[in-house]
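The values are calculated or read from the model by the stated rules, or taken from the named source; none is laboratory data. None of these values were measured; they are calculated from a predicted model. Please note: Cβ atoms are built from the backbone with ideal geometry, for glycine as well, and neighbour counts cover all protein chains shown. Only protein heavy atoms, including side chains, enter the accessible area calculation; ligands, DNA and RNA are left aside. Shrake-Rupley method; radii C 1.70, N 1.55, O 1.52, S 1.80 Å.
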Amino acid sequence: MGKYLLRRILQMIPVVLGTTLLIYALVFALPGDPVAAMFGDKPVNQAVAAQIRSEYNLDKPFIVQYVLFLKNALTLNFGNTFAGQPVISVIGRAFPVTIKLALMAFVFEGIFGVIFGIIGGLTKGKWSDNIILVLSLLLISVPTFVTGFILQYLFGVKWHLLPATAGANPGFIDLLMPAVVLGSVSMASIIRLTRTEITSNISEDYVRTARAKGMSNRSVIVRHVLRNSLIPVVTYLGADIGGLMGGAMITERIFNIQGVGNTLYQAILRGEGTLVVSIVTILVLIFVITSLLVDLLYAVLDPRIRYA
């Protein structure tokens, strides 16, 4: 188990470096001049523009900019935005909102995905299973922005059951509908994964052996079928935490949530490469750390890894 975890930690280093290098290269290759865009319709003062480029290291070659970014990132000094605000402060205001949204979506998809998946797996071929399969297929097939606009119109505009937009300081009720939209696709995947694992494990030899020994059906399902079926589901859920935070851009734009996704979108439009790369780097680190924690949990649950 120790060697397994050490190998996974070492694999994270090239992942983080490669991802940040790729994002930095993409931002560097964006068309247009962000410094000229700061002046808007006004004439560009070349002396001031040169000073701004020097201040933000935009006059240096790509690889030099990237090395300077890595050097400063090690001390959490991501520099300032074009508006003069520290990047870490901008991220600090946006991340709590997205974390709250992602956690609500995580709880929603985890609870309802597992419940519906268990019902579908235990009632394979019956009407309840068919309804759950159709529901999960619809959620996977329909894009998130379509689901978001439909729920926003029905529950927020037409029926006035929930707030149509979240605003600057959203509470639980404000984030309830966005969380459902954000977690809907993952919930559908969890439903299908849980159902598949249960239908596969319920026909295994160890289940028939447990029943032949006189164990009740409830004990067999809880102690054997569910225990083995939920291992890949737990793995999926853990890895999806980072995915929820990174994939919140569309949901935050629909419901006007001032979180990481909205901040990242605005930074891309303004050409603020430092802010874009800083946000993506933190998201990658969150995804990598959650993946490591999932590996730890998987190693505990799976004896093949635990005793390796």
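Points worth noting:
- Accessible area (Å², per residue) of segment 90-303, counting only protein heavy atoms and a probe of 1.4 Å: 48 Å²
- Heavy atoms of ASP33: accessible area, 1.4 Å probe, square angstrom to 10: 60 Å²
- With a Förster radius of 25 Å applied to the beta-carbon distance between LEU76 and LEU293, the computed FRET efficiency rounds to 0.70.
- Think of it as helices only: each DSSP H run of n ≥ 4 in the chain is worth -39500 (n - 2.57), and spread over all residues that comes to -24000 deg cm²/dmol at 222 nm.
- Those lysines that a straight Cα-Cα span of less than 29 Å connects to LYS71, excepting residues fewer than 8 apart in one chain: LYS60
- Linear extension gain, GLU204 paired with ILE88, 0.36 nm per residue minus alpha-carbon span: 36.5 nm
- The stretch between LYS42 and ARG270, if pulled fully straight at 0.36 nm per residue, gains 80.4 nm over its current Cα-Cα span.
- Rounded to the nearest 10 degrees, the angle from helix 2-28 to the longest Cα principal axis of the chain is 40 degrees.
- Alpha carbon centroid spacing (whole Å) that separates segment 100-144 from segment 205-260: 11 Å
- Accessible carbon and sulfur surface of segment 90-303 relative to its total accessible area, %, 1.4 Å: 69 percent
- The label-point distance for ARG8 and LEU30, in a model that sets each label 7 Å from Cα toward Cβ, rounds to 3.4 nm.
- Within the straight-line cut-off of under 14 Å between alpha carbons, the aspartates and glutamates reachable from LYS3 are ASP295, sequence neighbours fewer than 8 places apart in one chain being disregarded.
- Measuring gaps between exposed loop sites in the chain (trypsin sites (Lys or Arg not before Pro); DSSP loop; at most 15 other Cβ atoms within 10 Å), the longest gap, sites not included, is 1-123.
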